[in-house]
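K.L.:
Below is the structure I would like to discuss, written out as structure tokens.
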Amino acid sequence: MSLGGCRERLLPRSVSVMGTALVTGASAGLGRALAIEIAARGHDVVLVARDGARLTELADEIERQQGVTADVLVADLADRGQLTKVAERIADRAKPIDLLVNNAGFGINHDFSTGDLAAEEQAVDVMIRAVLVASHAAAGPMRTRGHGAILNVSSVASFAAMGTYSAIKAWATTFSESLAAELEGTGVTVTALCPGFIRTEFHERANMDMPALPDRMWLDAHRVAQDALDDVAAGKVLSIPSSEYKALSAMMRVTPRPLMRTLSRRMSAGRR
């Protein structure tokens, strides 16, 4: 599923350029869908992930089907040296990045107090530090040029209290809103994408069993990508796909925190 020949802008509507997008975590799941949908709208893409073989396969598919340029940048964002190379590519003024998509991430399905600390540290490196570094590399040059967009993949879990993953995504949502406020009026927009459960290999990799979740709560990755890119083009700060998750997130944001903690504890227990 893709947008085929559709050529809609991904930057704010006042900007008419077709530029280059860099997508982290592009080898699978939502990142892959975002890369395909971005290319379908006429943008060249830089694909970033650890799996070089998958990235090369995706780049070949994008170039063959969409007629745009797809470059591969193999990097482990938890490695500071490799992250620096990604940041240098983002900040390269000779080959500007017009849309940065911070998507790389993974699920955590254990209690913090008894779980593996190394996994927790890796999660912080990939989903907080890498987002911080990449966004800093993008925001300055974009601001100087007077246009650009940053899309940070957060989660509806950012409104809950479901372990370290919730805390990390709460940071991503708040960071995106803060940066959007800072850059207001500069021509640069920042959007936090807060989806719910998406049918990808994400939950399988995290060993999360979700048998009781109704079908209507599962989202299609390409539809999420399309809706997110439409929201980026419209300059929206929060992008929450589907009416179900819009309603759920609205309820979560007004629920008293003690009750939210109780509900979150029950939801966390149900996914293991």
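The values are calculated or read from the model by the stated rules, or taken from the named source; none is laboratory data. Worth saying up front: this structure is predicted, and the values here are computed from it rather than measured. Note: ideal-geometry Cβ built from the backbone for every residue, glycine included; neighbour counts use all protein chains shown. The area values use the complete protein model at the heavy-atom level, side chains included, leaving out ligands, DNA and RNA. Shrake-Rupley method; radii C 1.70, N 1.55, O 1.52, S 1.80 Å.
K.L.:
Give just the number: which of (1) crowded, with 24+ Cβ neighbours inside 10 Å; (2) closer than 15 Å to residue 34 by Cα does residue 61 not satisfy?
P.N.:
Condition not satisfied by residue 61: (1).
K.L.:
Filter region 220-263 down to residues that are without any contact (Cβ under 8 Å) to a residue 24 or more places away in the chain and of a type in the set (A, V, I, L, M), then give me how many there are.
P.N.:
First pass over region 220-263, keeping only residues without any contact (Cβ under 8 Å) to a residue 24 or more places away in the chain: 227, 243, 246-247, 250-251, 254-256, 258-259, 262.
Okay, now just the ones that are also of a type in the set (A, V, I, L, M), so 247, 250-251, 254, 259.
Of the residues in that region, 5 qualify.
K.L.:
Looking at region 69-98, I want the residues that are in a loop (DSSP other than H, G, I, E, B) and have a partner that is open to solvent by 40 Å² or more (accessible area, probe 1.4 Å) with Cβ atoms under 6 Å, at least 6 apart or on another chain. Which pairs are those?
P.N.:
As it stands, the answer is 69/44; 75/82; 76/50; 76/82; 78/122; 78/125, since those pairs meet every condition given.
K.L.:
Tell me yes or no: at least one residue of region 99-118 is part of a loop (DSSP other than H, G, I, E, B), open to solvent by 40 Å² or more (accessible area, probe 1.4 Å) and hydrophobic (A, V, I, L, M, F, W, C).
P.N.:
yes
K.L.:
Out of all the residues in region 221-255, which are in a helix (DSSP H, G or I), farther than 19 Å from residue 42 by Cα and under 14 Å from the mean Cα position of the chain (by Cα)? Show your work before the answer.
P.N.:
To start, the set of residues in region 221-255 that are in a helix (DSSP H, G or I) comprises 221-233, 243-254.
When the remaining residues are screened for being farther than 19 Å from residue 42 by Cα, the result is 221, 243-254.
Matches in region 221-255: 221 only.
K.L.:
For region 82-130, give me each residue that is modelled with pLDDT under 95, closer than 21 Å to residue 28 by Cβ and not small (Gly, Ala, Ser).
P.N.:
Passing the criteria: 106, 108, 109.
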